[in-house]
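One structure is given here, and the rest of the page talks about it.
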Amino acid sequence: MSVRMRVNRSHTGNRRSHHALKEPRLSKCAKCGAQHLRHRMCPECGNYRGREVVDVAGKKAARMVRREERLKAMGEDPQAEAQEKEEEAKAEKKETKKKAAKEEK
């Protein structure tokens, strides 16, 4: 058996030159204009090649109904929860505005 030959840095680099990650190929949806992977339906509107494949709005509505039923079963009010989230978001916006105003001074 022969002695194993050493692989130098340049040969290693040549071999690894094909290991780079490539950006995904994106296409523009004809209906809504959103970006999506090629040969796949648009996740925003559910269309593929000019026809509706999945009713995205219907699925989202059904998901919200199930969520509200689950919250009611647990004894929580989904509308109150939504209002709390809105209030928290408003409070965060106010805080960021205050911080920005302090930084400018």
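Mind checking whether some residue in the range 6-23 is among the basic types (Lys, Arg) and closer than 30 Å to Ala82 by Cβ? Within the range 6-23, not a single residue is among the basic types (Lys, Arg) and closer than 30 Å to Ala82 by Cβ.
Need a quick list: helices (runs of 4 or more DSSP H) entirely within the chain having at least 2 residues that are modelled with pLDDT under 85 and surrounded by fewer than 10 Cβ atoms within 10 Å (Cβ to Cβ).
Values: elements: 9-16, 56-74, 78-104.
Hits in the chain: 78-104.
The values are calculated or read from the model by the stated rules, or taken from the named source; none is laboratory data. Computed from a prediction, not measured in an experiment: that's the story for all the values here. Cβ: placed from backbone, ideal geometry, glycine included. Neighbour counts: every protein chain shown.
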